[in-house]
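First up is the structure itself, then whatever we jot down about it.
None of the figures in this text is laboratory data; all of them are computed from the coordinates on show. Everything numeric here is computed off the predicted structure, so don't read it as measured data. Cβ sites come from the backbone with ideal geometry, for glycine too, and all protein chains shown count toward neighbours.
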Amino acid sequence: MPSALGHLRILEIGDGVGAAYATKLLADLGADVVKVEPPGRGDRTRHRGPFPGGVPDPEKSGLFLYLNANKRGIVLDLHAARGQETLDRLAARADLLVHDVHTTAMAAHGLEWEKLSARHPRLVMTSIAPFGLTGPHASYRGPDVVMWNAGGVATLNGDPTHPELPPLKAFGDQSGFQAGLNAAIGSLGALFARLATGRGEHVEVSTQEALAAILELTFEFWPYCGLVASRLGAKPIQPLCFVECRDGWIFLCCVEEHQWKHFVEIMGSPEWAQMELFENRLARGANFDALHAFLQEWCREQSVQELYDAAQRRRVPFAPVSTMGDLLASPHLKARGFFATLEHPVAGKLTVPGAPYRMSATPWALRRPAPCLGQHTDEVLAEVGR
Amino acid sequence: MSRRPPLAGIRVADFTWVWAGPFCTLQLAHLGAEVIRVETATRPCVTRLLPPFADFEPGPNRSGYYNQYNQGKKSIALDLKRPEALDVAKRLCAASDVVVENFAAGVMDRMGLGWGVIRRLRPDAIMIALSGYGATGPDSDKVSYGPAQVPLSGMSSVTGYRDFPPMHVGISYGDPTGGLHGAVAVLAALLHRAQTGAGQYIDLSQWETSMAVLPEAITAWTMNGEALPRDGNRDPSMAPHGVFRAAGEDRWVAVAVEDDAAWERFATTIGRPELASDPRYATAAARKAREDELEELVTAWTSTRSPEDVTAQLQAAGVAAFTAATNKDLAEDPHLNERGYFVELPHPEVGTRKHAGVPWRMSASDCRVRAAAPLLGADTDRVLSEVCGYGAAEIARLREAGALV
C-alpha cells in the first residue's frame, strides 16, 4: 500500500509526549522514524504507564507503546563523542530531526541548530520547548499542569458553584499533544518549503503559545471588551450541562431554541418547562440552578443510550459521557475499525487508538510495534557504517 | 535570500465554519496558502454572531472569535442555496489545490460538491471533511456540536475534581484537536502529491481525533479493565502537583515537583531545607502517599505570595511553576510580548486588536499571520474574476440573481 511519507527519514530525540507524538503522526503515514533514547532509563514515558496489573516495566507502558509504534528505536549516549558522531551520521541522511529535550542539553551534545545546519544544509530541525527558545522565560520548566495554566486554559475550567476549587487541568498530557501537533505541522511545512528551496530550516515550537492559540472565544474578551474570562462565570445559555441518568452521565446540549423545544417534547412537555424562567436560552442560563434541578430529576430515571438516541433522532446534539468501556464497545467505532491492536514482543497484545483520519490513497497503517529499548541499535548503526 | 511562504502557490477552497474547520485552514494560512472562505450573509458563520464584539457593539465583522481564527484568509459571499452559486463553487474548487469542509456528513454531496464531483473538476485535488462522527459508520448521520465532543470522546469521564461529576475542559477541545490533525493530514497529502501527482480524499472524525489524545485512559482500560478515576490536578507519580491558592482574589499558581532533586530545591526555596531529607517526603512514593498534607504545606507558602512571585522564585530554583494565567495575564505577559507572539494588524471595522499568532517560528520560510480576518465577502469580486475567471457582466448577473450574498 502506498504511503504519504514513505520517502522521509526522521530522527527523534524525544523525552515525553511532544516530540514523540509529532513523529508518531509522521511514522503512521509511512515515514522511517528512528527514535534515539538515552542508555539506562530510556524515554520518560516508558516509566509513566499505565502498566499491566499496575506493575511498572519500561517495556510495557501503555503511553510509550502507543506513542512509539511504527518507529525503530536505538540507544545512543549523546554525552559521549562516539554517540555524537553516530548521531551526526544519522543526521546526514535524515530529512527531519525532532526533539523536545532541552536546548542546553542539546547544545551540550553538540546538537545546536547552527552546527547541524552548517554540516547538513538539507536537514529540517524542529525544537519543542515549553516556553520557546527565546525570551525571559525560555529556561522555565513546564510539565503539563504548569503549561495548561501558563497557556491560559486552566483558568477557563472549574465549577462556578465551588469557587474554592482551583482552576482544573484536562486529563493527561494534553499540552504535550498540542505541542506535538504544532510541531508536526511546522515540520511538514518546512519539508514542503524545501521542495522549492532545497534547503532545510529550524522550526521552533512553544507549548505555551500552542495553548494560548486554542482559548476559543475567551482570549479576545480582553482586547475586544476589556473583560477577564473566568471559570466562575456562569454559561450564558443553557442547557449545556452534565446530568446523571440511571446508568451513567449524559451531556445535554441545546444551543438553538428548536433543540430545546425538541428536548421538552422528549421529556413529555412537563408543566415546569413552560415557566417564564425558562422561556429562552438566555433565561435558562440566568435561572440555571432551578433548570438543573428539574432536568436532573427527570434524567435520573432515563437511560443514557435511550435519551441520546431520542435526542439525535430530532437532530439535538446530546452526547453520552463515554467511559473507556463504552468507546471500546461502540458499534460505530467498530464498524469504522478505529481501534488498532499491536503485538509487542514483551508486552503482548495491546489495543490502542488507531487512525485519526482516513486517507483514501495513502492509508494510516500500523506496521510494527514500539521498539524495546535499543532494539534496533545494531541494525540502524550498520546502515550508517558504525 | 528572500523569504518565501512554505505553501506559496497553494490555494484552499474553505467551506468550513465554526471552529474545527477554520482552525485547520488557519494553519494553512499561517504557512502561506491562499485560503478562500466561502460564506454567506444569509447564514453567517456562528463565530461571527458570538461575542466578544469589539467594544460591545455587535456586528458580523466585529467578533473577536471569528477574527481570531480567520486571520490571513480571504472571504467570498456566496449563497450556496442559489442554483447560480453552484457554478461559482465548482469553478473555485477546480482552481484550488485543497478543498476543506466541516459540515455534517453528506451535506456537501447533497449540494453537488461531494468528492465524486470535486475529483472530476480537479483530478489532483485534496479534499478533507472534518465531521463530528466521520463519513461512514452507523452514527455518521448524528449531529455533533463542539462542546459535545469532550464528553463523547471519553475525556469528561476522566477529567474533574475527585469525587465530583465529570467535567468539561473549558473549551470545545475536540475542535482545535480535530483542526490540527486535519492540517497534518492535508500537509502529508500535499507532500505525497508533490511526489506522485496524485490527490486524495481525507475523512476525519473529530470523535476519533479526540480519542487519539487519550492513550493513557484507553490503554488502562484495554490492558487492565480499569476506569481511571477523576483526580483533579494530581498526577499518578509526581507530588506535589497541582494548582494552589496564591495571594489575591481568586489567584492561583501551578506547581509541579517533578522528582526528588526538585523536591530538595523546592524545600530549600520555601525555607524548609530539613524537609528534603525528611523520610516522610524524600521519595516520590512517600510524597504521593502523603499528598493531602503536602498540598497544605505548599498552600501555606503560596497563599501569602503573588502567583508571579511564586513562579519567579520556584523557576529560578529549577522547580516547575506558573501563574494560572487569565486572558489578560497572557495579553500582558512580558515573555510572550518580547517573543512577538501576538499579532496586531489593522482591521477596517474593529481597528487594531491583539490576537494570538503562530505558535511556531521558521528560520528561513515566511511563516506568519499575513492579514487581519476578512470582512464578510470582502474578496468576492476579486476572487470571482481572478480565480474563477468571471467577467464583470457575469459577476453583475450573479449578484442580481442573489447568489453573491
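Data for the structure
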{"read-out": "Cα centroid separation - segment A:290-340 against segment B:234-250, whole Å", "value": "33 Å"}
{"read-out": "FRET efficiency estimate (nearest 0.05) - Cβ-Cβ, residue B:194 to residue A:264, R0 35 angstrom", "value": "0.05"}
{"read-out": "Point-to-point label distance, residue A:57-residue A:294, nm (Cα→Cβ direction, 7 Å offset)", "value": "5.6 nm"}
{"read-out": "Counting all C-alpha pairs of segment B:1-56, share separated by more than 16 Å (%)", "value": "53 percent"}
{"read-out": "Dipole-positive endmost among B:180, B:222, B:152 within segment B:150-300 (Cβ charges, Cα centre)", "value": "B:180"}
{"read-out": "Pairwise centroid distance, computed over Cα atoms, of segment B:270-300 with segment B:326-395, Å", "value": "48 Å"}
{"read-out": "Base-10 log of normalised Debye intensity for segment A:297-358 (one unit scatterer per alpha-carbon) at q = 0.12, 0.16 Å⁻¹", "value": "-0.46, -0.69"}
{"read-out": "Charge sum, other residues only, whose C-beta stays under 15 Å from residue B:28's C-beta, Lys/Arg counted +1 and Asp/Glu -1", "value": "+2"}
{"read-out": "Per-q log10 I(q)/I(0), segment A:83-131, q = 0.15, 0.17, 0.24 Å⁻¹ (Debye; single scatterer per alpha-carbon; no solvent)", "value": "-0.35, -0.45, -0.91"}
{"read-out": "Whole-percent pair-distance distribution, where bins are 10 Å wide, for the alpha carbons of segment A:1-66", "value": "22, 44, 26, 7"}
{"read-out": "Mean projected area (nm²) of the alpha-carbon convex hull when chain B is viewed from all directions", "value": "24.4 nm²"}
{"read-out": "Contact order relative to length of chain B, as percent, for alpha carbon pairs under 8 angstrom and 6 or more apart", "value": "21 percent"}
{"read-out": "DSSP H segments from chain A that extend 27 Å or more along their own axis, Cα-based, with Kyte-Doolittle mean of 0.5 or above", "value": "A:174-197"}
{"read-out": "About the Cα centre, charge dipole magnitude for segment B:172-257 (Lys/Arg +1, Asp/Glu -1 at Cβ), debye", "value": "180 debye"}
{"read-out": "Relative contact order (%) - segment B:241-326, alpha-carbon pairs under 8 angstrom, separation at least six", "value": "41 percent"}
{"read-out": "Efficiency of FRET between residue A:235 and residue B:55 - r from beta-carbon atoms, R0 25 angstrom, step 0.05", "value": "0.60"}
{"read-out": "Whole-Hz couplings from phi, Karplus 6.51/-1.76/1.60, listed for segment B:194-200; x for Gly and Pro", "value": "5, 7, 10, x, 9, x, 5"}
{"read-out": "Two-site FRET efficiency, residue B:162 against residue A:199, from Cβ-Cβ distance with R₀ of 60 Å, rounded to 0.05", "value": "0.70"}
{"read-out": "Rule-of-thumb Rg ratio for chain A [Cα; 2.2 N^0.38 Å; N residues]", "value": "1.17"}
{"read-out": "Relative contact order (%) - criterion: Cα under 8 Å, at least six apart; region: chain A", "value": "20 percent"}
{"read-out": "Candidates A:268, A:285, A:40, ranked by Gaussian network fluctuation over chain A, Cα under 10 Å, top entry", "value": "A:268"}
{"read-out": "Average projected area [Cα convex hull, segment A:197-243], square nanometres", "value": "6.9 nm²"}
{"read-out": "Label point distance in nm, residue B:337-residue A:378, each placed 7 Å from Cα along Cα→Cβ", "value": "5.9 nm"}
{"read-out": "Residue-wise HN-Hα coupling along segment B:232-237, computed from phi with Karplus coefficients 6.51, -1.76, 1.60 (Hz; x: Gly, Pro)", "value": "x, 9, 7, 10, x, 10"}
{"read-out": "Footprinting exposure proxy for B:90, B:81 (fewest neighbouring C-beta atoms within 10 Å first)", "value": "B:81, B:90"}
{"read-out": "Viscosity 0.692 mPa s, 37 °C: Kirkwood-radius Stokes-Einstein D of segment B:241-326 over Cα pairs, µm²/s", "value": "259 µm²/s"}
{"read-out": "Between 0 and 90°, nearest 10: helix B:83-94 axis offset from chain B longest Cα axis", "value": "70 degrees"}
{"read-out": "Distance between modelled label sites at residue A:343 and residue B:109, nm, 7 Å Cα→Cβ extension", "value": "3.6 nm"}
{"read-out": "Chain lengthening between residue B:289 and residue B:371 when straightened (0.36 nm per residue, less Cα-Cα)", "value": "24.2 nm"}
{"read-out": "Zero-based 10 Å bins, Cα pair distances in segment A:240-321, whole percents", "value": "19, 59, 22, 0"}
{"read-out": "Added length on full extension, which subtracts the Cα-Cα distance from 0.36 nm per residue, residue B:280 to residue B:345", "value": "17.9 nm"}
{"read-out": "Exposure proxy order (Cβ contacts within 10 Å, fewest to most) of A:3, B:306", "value": "B:306, A:3"}
{"read-out": "Long pairs among B:74/B:354; A:60/B:288; A:349/B:142, criterion Cα-Cα beyond 30 Å", "value": "A:349/B:142"}
{"read-out": "Karplus-derived 3J(HN,Hα), 6.51/-1.76/1.60, for each residue of segment B:203-211, Hz, glycine and proline x", "value": "9, 10, 9, 4, 4, 6, 5, 6, 6"}
{"read-out": "On Cα atoms only, tilt of B:291-302 relative to the major axis of chain B in degrees", "value": "80 degrees"}
{"read-out": "Antiparallel bridges, percent of DSSP beta bridges restricted to the protein assembly as shown (to nearest 5)", "value": "45 percent"}
{"read-out": "Student exercise, the protein assembly as shown dipole from Lys, Arg, Asp, Glu Cβ charges, in Debye to nearest 20", "value": "2260 debye"}
{"read-out": "Two-decimal ratio, the protein assembly as shown, of alpha-carbon radius of gyration to 2.2 N^0.38 Å", "value": "0.92"}
